[in-house]
Amino acid sequence: MSGPGSAAVEALELLAGRGQTLAVAESLTGGLVAGALTAVPGASRVLRGSVTAYATDLKRELLGVDGDLLAARGAVDAEVARQMAGGVRRVLGADWGIATTGVAGPDAQDGQPVGTVFVAVRGPAGDGAVRRLALSGDRERIRRDTIGAVLALLLSELTENVRAQDTEQRGGNGCLQP
């Protein structure tokens, strides 16, 4: 199996194995990321909850996104996505936070064309990543592709985190130290 479902399963298994939790902040996906995660049996062991902050003021009020940033750049921005992921992590008391913000269409928003999307992941040490996507297709396709992208980014960050810990334990070159 491939796609958002398999990424959700893999990410939830990794988090459960570590005893860590996840929170989701969504804008353009409107709860679909949380839906993909809760479709996985046993997700409740990991998923703390989600916040759908569709309106820009809710990104500021609920997730703590900087108001000056929102005023200057709008909601479709890499730093906004990063702050959303960190904010939902904090607000819902999770180890990891993921976020989606962007333009699904039919019209441009904040000077950004349809298909411009940012997905973000923030981890326990404040680490994480943000990706800018330039997606094509109709509204449904853009939203579906965003779900896959944020879950793939989460999975990537989780596996990178494991590799980094493994490298530290094995002396930096991936080989066991005598």
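The values are calculated or read from the model by the stated rules, or taken from the named source; none is laboratory data. For clarity, every value in this text was computed on a predicted model and none was experimentally measured. So basically every Cβ, Gly included, is an ideal-geometry build from the backbone, and we count neighbours across all protein chains shown. Ligands, DNA and RNA are stripped out before the accessible areas are found, and what is left, the full protein with its side chains, is counted by its heavy atoms. Shrake-Rupley method; radii C 1.70, N 1.55, O 1.52, S 1.80 Å.
Consider only pairs whose beta carbons are under 8 Å apart and that are at least six residues apart or on different chains; among these, list those whose first residue lies in region 4-17 and is at negative phi and whose second residue is exposed (fewer than 15 other Cβ atoms within 10 Å of the Cβ) and assigned to a helix (DSSP H, G or I).
From residues that are at negative phi, the pairs are L12/R45; L14/T159; L14/V162; A16/R45.
State all residues of region 42-54 that are surrounded by fewer than 21 Cβ atoms within 10 Å (Cβ to Cβ) and either in a strand (DSSP E or B) or in contact with a helix residue (DSSP H, G or I) (Cβ under 9 Å, 6 or more places away or on another chain) (or both); if no residue qualifies, say none.
Answer for region 42-54, where residues must be surrounded by fewer than 21 Cβ atoms within 10 Å (Cβ to Cβ) and either in a strand (DSSP E or B) or in contact with a helix residue (DSSP H, G or I) (Cβ under 9 Å, 6 or more places away or on another chain) (or both): G42, A43, S44, R45, R48, G49, T52.
Looking at region 1-18, which of the residues that are touching a Lys or Arg at 6+ places or on another chain (Cβ under 9 Å) and modelled with pLDDT of 95 or more is surrounded by the most Cβ atoms within 10 Å (Cβ to Cβ)?
Per the criteria, the residue is L12.
Show the residue pairs that are 6+ apart or on different chains and have beta-carbon atoms under 7 Å apart, the first residue being within region 107-124 and free of Cβ contacts under 8 Å to residues at least 40 places away in the same chain and under 10 Å from V76 (Cα atoms), the second being of a type in the set (D, E) and open to solvent by less than 70 Å² (accessible area, probe 1.4 Å).
none
Among the listed residues G87, G105, G67, which satisfies the condition of being crowded, with 20+ Cβ neighbours inside 10 Å and out of contact with any Ser or Thr (no Cβ under 7 Å at 6 or more places or on another chain)?
Just one listed residue meets the conditions, G87.
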